[in-house]
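Report on the following structure.
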Amino acid sequence: MYSYKDVLAEILIDEETLQKRVRELGEQISRDFEGQDLIFICILRGGVVFLIDLMRYVSVPNQIEFMAVSSYGSGNRESSGDVRITYDLNTRIEGRNVVIVEDIVDSGNTLNAVIQLLSTRGPKSLCICTLLDKKDRRKVEIPIRYRGFTIPDKFVYGYGLDLDEYFRNLPFIGVVDLEKLEKIKEKPS
Ligand code: 5GP
Ligand code: MG
Ligand code: MG
């Protein structure tokens, strides 16, 4: 197994910048929902690290729930329009303020499907909070209420985002050097 350093092209967002922005988002959510309560729905697994930091900056009463989604049809660095819910909520969201917490919006396919499903369940409000937004890649327009950073079209990892399911624990967002990755994978281990 290789190290994250072997495939790191650059650090795109460092730990301090991330934490500062996550705190700002938490404070903004606290102001917007003052006097109300809310439920965070975290999309597994990429949204987990962001959720855990974000919720600690939120001062209004909140609950957390999880959903897992998979999209079939193409390679593991692209999502398709064929999105399936592989793990659903364990609670009702009728009449609730719902904030969906996601690591990154790319084509928009995943969250488009999640929003369509959740909106049939009668929430009082429903919005998206994403750490990263790869705007240039959008195929489906979806409304993003809270956005950490807009980033260029590069494959990134760390802070919840995986590279082949590894490295979600990195405290920063790094850009993967895809050429180095290919070379490492060619080598017999
Ligand atoms: P979408 O359905 O918007 O195309 O894709 C969303 C999902 O694709 C994200 O939740 C994430 O799991 C994955 N994804 C998109 N871009 C990246 C990236 O640069 N790095 C990683 N690790 N995952 C990504
Ligand atoms: Mg995700
Ligand atoms: Mg992934």
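With within 16 Å of ligand 2 (Cβ to nearest atom) and aliphatic (A, V, I, L, M) as the only criterion, which of Leu25, Leu44 stands out? One residue alone meets the criteria, Leu44.
When Glu34 is evaluated against the numbered criteria (1) part of a helix (DSSP H, G or I); (2) without any contact (Cβ under 8 Å) to a residue 60 or more places away in the chain; (3) of a type in the set (Asp, Glu); (4) more than 16 Å from Glu102 (Cβ to Cβ), which criterion, by number, is the only one it fails? Exception for Glu34: condition (1).
Note on the range 95-166: enclosed strands (runs of 3 or more DSSP E) holding 2 or more residues that are more than 15 Å from the chain's Cα centre (by Cα) and at negative phi are 97-105, 125-133.
Among the residues of the range 50-60, those identified as buried (at least 22 other Cβ atoms within 10 Å of the Cβ) and either more than 10 Å from ligand 2 (Cβ to nearest atom) or farther than 10 Å from Cys129 by Cβ (or both) are Leu51, Leu54.
Count, please, the residues in the range 37-86 that happen to be modelled with pLDDT under 95, in contact with a Ser or Thr (Cβ under 8 Å, 6 or more places away or on another chain) and assigned to a loop (DSSP other than H, G, I, E, B). So the count comes out to 6.
Matching residues to (1) at pLDDT 95 or above; (2) within 16 Å of ligand 3 (Cβ to nearest atom); (3) surrounded by fewer than 20 Cβ atoms within 10 Å (Cβ to Cβ); (4) closer than 20 Å to Gln36 by Cβ:
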{"position": "Glu94", "(1), (2), (3), (4)": "yes, no, yes, yes"}
{"position": "Ile100", "(1), (2), (3), (4)": "yes, no, no, yes"}
{"position": "Asn112", "(1), (2), (3), (4)": "yes, no, yes, no"}
{"position": "Ile128", "(1), (2), (3), (4)": "yes, no, no, yes"}
{"position": "Arg145", "(1), (2), (3), (4)": "yes, no, yes, yes"}
{"position": "Tyr157", "(1), (2), (3), (4)": "yes, yes, no, no"}
{"position": "Gly160", "(1), (2), (3), (4)": "yes, yes, no, no"}
{"position": "Arg168", "(1), (2), (3), (4)": "yes, yes, yes, no"}
{"position": "Asp177", "(1), (2), (3), (4)": "yes, no, yes, no"}
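Quick check on the range 1-10: of everything there that is in contact (Cβ under 8 Å) with a residue 24 or more places away in the chain and part of a helix (DSSP H, G or I), which residue is nearest to the chain's Cα centre (by Cα)? For the range 1-10, the residue satisfying everything is Tyr4.
For the subset of the range 43-66 comprising residues that are among the polar types (S, T, N, Q) and in contact with a helix residue (DSSP H, G or I) (Cβ under 9 Å, 6 or more places away or on another chain), which member is nearest to Gln19 (Cα to Cα)? Full working, then the answer.
First, the residues of the range 43-66 that are among the polar types (S, T, N, Q): 59, 62-63.
Filter once more, keeping what is in contact with a helix residue (DSSP H, G or I) (Cβ under 9 Å, 6 or more places away or on another chain): 59, 62.
Values: Ser59: 17, Asn62: 20 Å.
Looking at residues that are among the polar types (S, T, N, Q) and in contact with a helix residue (DSSP H, G or I) (Cβ under 9 Å, 6 or more places away or on another chain), I get Ser59.
Yes or no: the range 11-25 includes at least one residue that is over 26 Å from Asp177 (Cβ atoms), free of Cβ contacts under 8 Å to residues at least 12 places away in the same chain and outside any strand (DSSP E or B). Yes, that holds for at least one residue.
Selection of first residues in the range 90-104 that are under 13 Å from Met67 (Cβ atoms) and of second residues that are among the hydroxyl-bearing types (Ser, Thr, Tyr), restricted to Cβ pairs under 6 Å at least 6 apart or on distinct chains, gives the following pairs, ordered by first then second residue: Glu102/Thr130.
Select from the range 100-139 the residues that are of a type in the set (Lys, Arg) and either away from ligand 1 (no atom under 13 Å from the Cβ) or closer than 21 Å to Gly158 by Cβ (or both) and list them in ascending order.
Correct list: Arg121, Lys124, Lys134, Lys135, Arg137.
The values are calculated or read from the model by the stated rules, or taken from the named source; none is laboratory data. No experiment lies behind these values; they were computed from the predicted model shown. Note that each Cβ is placed from the backbone with ideal geometry, even for glycine, and that neighbours are counted across all protein chains shown.
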